[in-house]
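Remarks on the structure that follows.
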Amino acid sequence: MASQIIEKLKWRYACKKFDPSKKLSEEQIQILKDAFNLTATSYGLQPLKMLVISNQEIKEQLVPLSMDQLQVRDASHVLVICRENTISPDYIKGHFNRVVDIRNTPREILESFEDHLLESFGAKETADVSLWMAKQAYIALGNLLTVCALEGIDACPMEGFEPLKYNDFLGLAEKGLSSVLVLPVGYRAEDDLFSDLKKVRRGVEEVVIEMN
Ligand SMILES: Cc1cc2nc3c(=O)[nH]c(=O)nc-3n(C[C@H](O)[C@H](O)[C@H](O)COP(=O)(O)O)c2cc1C
């Protein structure tokens, strides 16, 4: 099993050219939605939302906002990982309400941790909270990349886009969101030259330090 996972991770690559005629099924998209929602986040606060764009006109209009990268036009779906614009006290309380509802945990057991989060988020600078939220988006990206690899779905992680223009075009401010990362998903084109290239990585011996 372990070696199968490594083979799948070697199979995946940042897809440069998607086959526009091949579409992912609803089941495949559901797996990606579930994987996104199951992503681990700091404190479990999930300060993220994900847009799933399949509309061809919208995908085409994303090209100039994405450094002219055509993956957003040709992929089956474009996932946009967004962060919340703010973490309000109500947002934090909402999380603890869910814990009570789902786990039947008595509120008094959670109270001190809830108070701690309310206090610590209340004291943080907005920029620090935004950075913290963006980091959670990267965890979701990593999770989705691995799930895509396991499911035989091609993907291209993308920072190469203009977040402010995405926010405007996709009406994200009205949703209280900001775009952080883009992930076109679908199937590689047969003539994507990048699919056969060897992986370029530092050696495991170089990047792993064992302390015995
Ligand atoms: C956060 C992040 C942003 C990236 N942005 C882009 C991008 O905008 N366009 C692109 O073609 N590749 C992008 N890449 C792909 C990387 O260049 C690629 O993952 C890396 O070269 C390793 O190659 P591999 O993923 O094919 O193994 C990005 C990767 C990551 C993780």
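Derivation of every value follows stated rules applied to the coordinates shown; laboratory data play no part. Note that the structure is predicted; figures quoted are calculated from it, not measured. Cβ sites come from the backbone with ideal geometry, for glycine too, and all protein chains shown count toward neighbours.
Once each part is reduced to its C-alpha centroid, what is the distance from the range 126-192 to the range 37-72 in angstrom?
4
If the cut-off is 29 Å between C-alpha atoms, which lysines fall inside it for residue 165, apart from same-chain ones fewer than 8 positions away?
16, 17, 22, 23, 33, 49, 59, 124, 135, 175
What is the extension gain from residue 68 to residue 116, computed as 0.36 nm multiplied by their sequence separation minus the C-alpha to C-alpha distance, in nm to one decimal? Kindly include the intermediate steps, with their values, before the conclusion.
On the way: separation 48, 0.36 × 48 = 17.28 nm, distance 4.49 nm.
Additional length available on full extension: 12.8 nm.
Report the paramagnetic label zone for residue 109: residues of the range 29-52 whose backbone N is under 19 Å from a point 7 Å from Cα along the Cα-to-Cβ axis.
Only 43-45 fall inside the zone, counting backbone N under 19 Å.
What's the Cα-based Rg to Rh of the range 1-110, Rh via Kirkwood?
Working: Rg = 18.7 Å, Rh = 17.3 Å.
Rg/Rh for the range 1-110 comes to 1.08.
Exposure proxy check: 50, 211, 67 ranked by fewest other beta carbons within 10 Å?
Values: 50 19, 211 3, 67 12.
In increasing order of surrounding Cβ atoms, one gets 211, 67, 50.
Once you put a point 7 Å from the Cα of residue 14 and another 7 Å from the Cα of residue 212, both along the Cβ direction, what distance in nm separates them?
3.6
Could you list 131, 32 in order of exposure, starting from the residue whose Cβ has the fewest other Cβ atoms within 10 Å? Walk me through the numbers on the way to the answer.
Numbers: 131 12, 32 23.
In order of increasing Cβ crowding within 10 Å: 131, 32.
Would you work out the relative contact order for the range 2-198, in percent, from Cα pairs under 8 angstrom that are 6 or more residues apart?
Worked out over the range 2-198, it gives 38 percent.
Just to be sure I understand the model, the point goes 7 Å from the Cα along the line to the Cβ. What's the resulting residue 86 to residue 127 distance in nm?
With each label point 7 Å from Cα toward Cβ, the separation is 1.9 nm.
Cα axis of helix 2-11 to longest principal axis of the chain: angle in degrees, 0 to 90, nearest 10?
Value to nearest ten degrees: 60.
Return an integer: the convex hull volume of the alpha-carbon atoms of the range 2-198, in Å³ per residue. Before the final figure, lay out the partial values.
Details: hull volume 28.1 nm³, N = 197.
Taking only Cα atoms, the range 2-198 has a hull volume of 143 Å³ per residue.
Across the range 123-129, in residue order, what do the Karplus-derived ³J(HN,Hα) couplings come to in whole Hz, using 6.51 cos²θ - 1.76 cosθ + 1.60 with θ = phi - 60° and x for Gly and Pro?
Those phi angles translate into 8, 7, 5, 4, 4, 5, 5 Hz.
Please give the FRET efficiency for residue 168 paired with residue 4, using the beta carbon to beta carbon distance and R0 = 35 Å, rounded to the nearest 0.05. Please list the in-between numbers first.
On the way: r = 43 Å, r/R0 = 1.23.
Once rounded, the FRET efficiency stands at 0.20.
Which order results if 115, 196, 19 are arranged by neighbouring Cβ count within 10 Å, fewest first?
Lowest to highest Cβ neighbour count: 196, 115, 19.
Only four residue types carry charge here, +1 at the Cβ of Lys and Arg and -1 at the Cβ of Asp and Glu. Report the dipole size of the chain about the Cα centre in Debye, rounded to the nearest 20.
360
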